[in-house]
Amino acid sequence: MSNVKLLYGRGKLSVDLPKTSDVTLIRKPRMPRLANPSHAVEATLSNSTASAILKNHSKNAKTACILICDITRPVPNSLILQPIMRKLMTLGIQAEQITILIATGLHRPNEGKELEELIGDPWVLENAKVENHFARDDSAHIDVGTTKKGNRILLDRRFVGADVKIATGLVEPHFMAGYSGGRKVIAPGVAHAETITTFHSSRYMEDPLATNCNLDGNPLHEDQLEIVEMVGGALAMNVVIDEFRNVSFVNFGEIVSSHLEAVAFIRKYAEVKVPRRFKTVLTSCAGHPLDLTYYQTVKGMVGPLDILDKGGDLIIVSNCREGMGSEEFVAAQKRLVKMGPSGFLNAISQKQYADIDEWQTEMQLKPMNVGSIHLYSEGLSDKDWLVTGVNKVENLQKCIEQSFVRHKQNKIAVIPEGPYVIPFFSNDG
């Protein structure tokens, strides 16, 4: 194999590997594809179990709130939102009483053409109230209780006050919460900044159980489950897609059990056993929309950590068309560059609340502590590069060749889909 294609921006980046390369290509096993995704969504909402659950939750209901992920997740909203709305309308909830709330967390709002792309359905935009969550708006949140870990939970009152609460989203590996979707769309999705910065403090981020593909004992997951109880429960539509963004799985039901069912499905594909570790790993940040910023690119750096050999080279491609990310993240990156990894970690380790977006810088420390990070990106300015804290790649083939020479070997792991597939070292791989 002399050429590989990595997800990059809205397409793929073709990379010519050195002819001597001994390549291990890491991707999901072939996943099933739903022949008619629209029909599958309708059938899911109409089956006896889903119908009974929806009817029960909608009894005497006047309002509904449907949470959706922001633009950083490739959720097929054009497939799922209108069927959910129409089902709610048949149960007596008027369209104007349905709010579609974009679970931005602390990300920027999605507006204009971007909002149209996110929703993907003019009918939905015309008939529902489509609004963004603003985590820093104190008046927009309500206190729903305190978790067993002592964390005060403030959530968007539009969601808490709705008679019917539904979360939607992709279920895929997540580098802190284990798996995305379900309960995570509620918190941090529509949580207040205070709650989010608690979840992203070092006492959570440095917990070894707060990691990719793990729910057992994961402190984030545990708090998220408590929050579901605090709001009196919720429903969820969960979607799983394959490497080519085709829908492989969809379900609907009570938020916790339906999410776990989706996790059980994707585990068989997203968690890949690999029988060795590598000094050279080539990966991506999964392409658009995840690789819009350097902030999200860190997820791609963390994904292959279990197979990166100590002192090895992690080479990643990410378009970063929108640059670094938030001003707060840039400030954190500046501190990283100035203080170094150990100095940065020491400085944040005693905080009860993380500074906004500094947790992504904290996550970058994990691959930095294992090996060297090399980034190919066409979207970063010269000023941006100064605060990445990683090596700039001008020529990918040359970078790979130099890695081979440096480590006196030619074995390379290639992960075209980036953080949507997680390799784990296993002797019985």
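The table for this structure:
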item: Residue count for region 332-380, restricted to those that are at positive phi and free of Cβ contacts under 8 Å to residues at least 40 places away in the same chain; result: 1
item: Any helices (runs of 4 or more DSSP H) falling wholly within region 273-370 and containing at least 3 residues that are farther than 29 Å from VAL75 by Cα and modelled with pLDDT of 95 or more; result: 327-348
item: Verdict on ALA236 being buried (at least 21 other Cβ atoms within 10 Å of the Cβ), among the hydrophobic types (A, V, I, L, M, F, W, C), at pLDDT 95 or above and part of a strand (DSSP E or B); result: yes
item: Which numbered condition PRO18 fails, given (1) out of contact with any helix residue (DSSP H, G or I) (no Cβ under 6 Å at 6 or more places or on another chain); (2) on the phi < 0 side of the Ramachandran plot; result: (1)
item: Residues of region 386-401 satisfying the condition of being assigned to a helix (DSSP H, G or I) and of a type in the set (A, V, I, L, M, F, W, C); result: LEU396, CYS399, ILE400
item: Residue count for region 128-147, restricted to those that are assigned to a loop (DSSP other than H, G, I, E, B) and among the charged types (D, E, K, R); result: 2
item: Selection status of LEU88, in contact (Cβ under 8 Å) with a residue 60 or more places away in the chain and either surrounded by 15 or more Cβ atoms within 10 Å (Cβ to Cβ) or among the polar types (S, T, N, Q) (or both); result: yes
item: Selected residue [surrounded by fewer than 24 Cβ atoms within 10 Å (Cβ to Cβ), at pLDDT 95 or above and over 24 Å from SER248 (Cβ atoms)] from ARG203, ARG158; result: ARG158
item: Given (1) of a type in the set (A, V, I, L, M, F, W, C); (2) part of a loop (DSSP other than H, G, I, E, B); (3) in contact (Cβ under 8 Å) with a residue 60 or more places away in the chain, index of the condition LEU155 fails; result: (2)
item: Subset of region 135-155 [crowded, with 24+ Cβ neighbours inside 10 Å and farther than 21 Å from ILE100 by Cα]; result: ILE153
item: Residue match in region 294-309 (condition: of a type outside the set (D, E, K, R), touching a residue at least 24 places away in the same chain (Cβ under 8 Å) and over 15 Å from MET363 (Cα atoms)); result: yes
item: Qualifying residue in region 60-69 (condition: among the hydroxyl-bearing types (Ser, Thr, Tyr), at pLDDT below 95, surrounded by 15 or more Cβ atoms within 10 Å (Cβ to Cβ) and not assigned by TED's automatic domain parsing to the domain that holds GLU378); result: no
item: Which listed residue is farther than 16 Å from SER180 by Cα and either touching an Asp or Glu at 6+ places or on another chain (Cβ under 8 Å) or not assigned by TED's automatic domain parsing to the domain that holds PHE175 (or both), from LEU282, LEU235, LEU290; result: LEU282
item: Those residues of region 239-266 which are among the charged types (D, E, K, R), within 17 Å of GLY169 (Cβ to Cβ) and either assigned to a loop (DSSP other than H, G, I, E, B) or touching a residue at least 40 places away in the same chain (Cβ under 8 Å) (or both), in sequence order; result: ASP242, ARG245, GLU254
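Matching residues to (1) under 21 Å from ILE68 (Cβ atoms); (2) hydrophobic (A, V, I, L, M, F, W, C):
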{"site": "HIS174", "(1), (2)": "yes, no"}
{"site": "TYR179", "(1), (2)": "yes, no"}
{"site": "HIS192", "(1), (2)": "yes, no"}
{"site": "THR198", "(1), (2)": "no, no"}
{"site": "ARG203", "(1), (2)": "no, no"}
{"site": "CYS213", "(1), (2)": "no, yes"}
{"site": "GLY217", "(1), (2)": "no, no"}
{"site": "GLN224", "(1), (2)": "yes, no"}
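The values are calculated or read from the model by the stated rules, or taken from the named source; none is laboratory data. Model, not experiment: these values are computed from the prediction. No Cβ is skipped: glycine too gets one built from the backbone with ideal geometry, and neighbour counts run over all protein chains shown.
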